Amino acid sequence: LNSVFQSHTGQPMEFRTPYDHSQTNTAILRPNCTGASFKPSHPTIQNWWNSGAFSVPADNTFGNCGRNLSSVPGYQEVDLSAFKNLSFPSPLNENTVLQFRVESFNAMNRTNFATPASTIPQPGCASSTCTDFGHIYGDVNGPRSMNMTLKLTF
């Protein structure tokens, strides 16, 4: 029997504005923090972060939010496998082995969510690209996968 267990907390996350409000051609696109909680009391895949906790800075200014204020969802996965070797003599060789092997990846069938959208919406924008802040659009590990194998060694 074998098992592999992976577990880690989510990576820190940077929040961004949709464009360079400071007009300095830098990669610093931080929003303003309003003081509200970044995460709702019960986050969902449609609302992982509270959009009311951020605002777009005025033109020619930097946002006041710091770095790594929140984190993405954590990751946990269990992989299991079992092997059975059967040894027997055969006409081909005195040491023939038949191995039966069962492997299960993501054995607990746990969904590990992808990174939520982290660009805050621009005021007045109603397109779908502006309203996806805090939405999670998928997973990073896929469903349970099982393999069964017979291997003959002679």
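The values are calculated or read from the model by the stated rules, or taken from the named source; none is laboratory data. Not measured: the values here are computed from a predicted model. Here the Cβ positions follow ideal geometry from the backbone for every residue, glycine too, while neighbour counts run over all protein chains shown. Each accessible area value is taken on the protein alone, full model and side chains, heavy atoms only, with ligands, DNA and RNA left out. Shrake-Rupley method; radii C 1.70, N 1.55, O 1.52, S 1.80 Å.
Figures for the structure shown
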item: Accessible surface of the chain, 1.4 Å probe, proportion on carbon and sulfur as whole %; result: 55
item: Considering only the chain, percent of DSSP beta bridges that pair antiparallel, nearest 5; result: 95
item: Label assignment, Rg and Dmax of the Cα atoms in Å derived from the structure, set (i) 17.9, 54; (ii) 25.0, 84; (iii) 15.9, 53; result: (ii)
item: Accessible area (Å², per residue) of segment 100-154, counting only protein heavy atoms and a probe of 1.4 Å; result: 64
item: Loop-resident sites, segment 47-154, for GluC sites (Glu not before Pro), counting at most 15 other Cβ within 10 Å (DSSP); result: E94
item: DSSP-loop trypsin sites (Lys or Arg not before Pro) across segment 1-87, with at most 13 other Cβ within 10 angstrom; result: R67
item: Loop-resident sites, segment 1-64, for chymotrypsin sites (Phe, Trp or Tyr not before Pro), counting at most 13 other Cβ within 10 Å (DSSP); result: Y19
item: Sequence-distant residues sharing a close amide H with T96 (under 5 Å, placed H); result: F88, S90
